[in-house]
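Chemist: Please read through the structure below; I'll follow up with questions.
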Amino acid sequence: MTSDQLLCLIKQLIAVIVGLIITIILSRFITPILMNLSVRDVNKEPPPGIEKELWNSVIEPTKSGGEILGTLETIFFFLSLWIAHPELIAGWLVFKVGSKWEVWSNLVKVPEKMDMTDEINYLRARHDWGTAVLTRFLVGTISNILLAMIGTAICFGVQQLLFML
């Protein structure tokens with residue numbers, strides 16, 4: 001490898017590292033803010049007959065690795081865009097939807113009714129909770145894609161600047 005080739009490789013590596021770091025920082029700060037803002041007006045009141053603390057323990061998102069998964073997802077989106085293979089993103093989205101469908105259909109299935117409350121109030125609470133879950137899922141995913149696009153654009157911009165030197 002010649003010194004010019006090595007210098008070219010180093011410049012590309014610097015650009016990728018800068019773009020990736022910016023993408024990760026944006027993802028760790030902006031995505032959670034957007035997800036929380038997107039559901040701030042969703043009614044989180046339990047249906048009558050169910051204690052608020054118990055209801056919140058069921059409907060509030062858990063700290064079970066979602067932030068790490070979101071960061072990894074953003075890195076994956078960034079790298080997919082950087083290598084010019086956005087079809088990898090499409091494949092991930094298909095996998096993600098299939099996984100969510102399976103988990104929500106079989107593992108986290110919400111009962112059709114609860115004896116501790118009347119049907120209409122329970123329906124309202126299920127609707128509100130479903131709205132919040134779907135909104136967080138969609139906002140988190142689109143946020144990760146957009147932030148990866150920004151990070152990739154920054155990467156290419158840094159690369160152009162470095163090659164002008």
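Chemist: Quick check on Thr152: is it of a type in the set (Val, Ile, Thr) and under 30 Å from Ile50 (Cβ atoms)? Outline the logic, then answer.
Modeler: Working: of a type in the set (Val, Ile, Thr): yes; under 30 Å from Ile50 (Cβ atoms): no.
Spelling it out, it is not the case that Thr152 is of a type in the set (Val, Ile, Thr) and under 30 Å from Ile50 (Cβ atoms).
Chemist: Which residue is nearest to Val158 (Cα to Cα), if the candidates are limited to segment 11-25 and must be surrounded by 14 or more Cβ atoms within 10 Å (Cβ to Cβ) and aliphatic (A, V, I, L, M)?
Modeler: Going through segment 11-25, the residues surrounded by 14 or more Cβ atoms within 10 Å (Cβ to Cβ) turn out to be 11-12, 14-16, 18-20, 22-24.
Next, from what is left, pick out any that are aliphatic (A, V, I, L, M): 14-16, 18, 20, 22, 24.
Numbers: Ile14: 8, Ala15: 5, Val16: 8, Val18: 8, Leu20: 12, Ile22: 12, Ile24: 16 Å.
Residue satisfying both the conditions and the ranking: Ala15.
Chemist: Scanning for something at pLDDT 85 or above, farther than 26 Å from Val139 by Cα and assigned to a loop (DSSP other than H, G, I, E, B), does segment 37-46 turn up at least one residue?
Modeler: The answer is no; no qualifying residue exists.
Chemist: List the residue pairs whose Cβ atoms are under 7 Å apart, where the first residue sits in segment 59-76 and is at positive phi, the second is surrounded by 14 or more Cβ atoms within 10 Å (Cβ to Cβ) and charged (D, E, K, R), and the two are 6 or more positions apart or on different chains.
Modeler: none
Chemist: A further question on this structure: Do the conditions hold for Leu134, that is, is it over 19 Å from Phe29 (Cβ atoms) and more than 26 Å from the chain's Cα centre (by Cα)? Let's see the steps before the verdict.
Modeler: Values: over 19 Å from Phe29 (Cβ atoms): yes; more than 26 Å from the chain's Cα centre (by Cα): no.
Answer is no for this residue.
Chemist: Next question, about the same structure. Please enumerate the residues belonging to segment 132-156 that are touching a Leu at 6+ places or on another chain (Cβ under 8 Å) and over 15 Å from Ser38 (Cα atoms).
Modeler: Answer for segment 132-156, where residues must be touching a Leu at 6+ places or on another chain (Cβ under 8 Å) and over 15 Å from Ser38 (Cα atoms): Leu147, Ala148, Met149, Ile150, Gly151, Thr152, Cys155.
Chemist: Based on this model, can you work out whether Gly49 counts as part of a loop (DSSP other than H, G, I, E, B), in contact with a Ser or Thr (Cβ under 9 Å, 6 or more places away or on another chain), in contact (Cβ under 8 Å) with a residue 40 or more places away in the chain and small (Gly, Ala, Ser)?
Modeler: Values: part of a loop (DSSP other than H, G, I, E, B): yes; in contact with a Ser or Thr (Cβ under 9 Å, 6 or more places away or on another chain): yes; in contact (Cβ under 8 Å) with a residue 40 or more places away in the chain: yes; small (Gly, Ala, Ser): yes.
For Gly49, the condition - part of a loop (DSSP other than H, G, I, E, B), in contact with a Ser or Thr (Cβ under 9 Å, 6 or more places away or on another chain), in contact (Cβ under 8 Å) with a residue 40 or more places away in the chain and small (Gly, Ala, Ser) - is met.
The values are calculated or read from the model by the stated rules, or taken from the named source; none is laboratory data. Since this is a predicted model, take the numbers as computed values, not measurements. With ideal geometry, Cβ positions are generated from the backbone for all residues, glycine too; neighbour counts draw on all protein chains shown.
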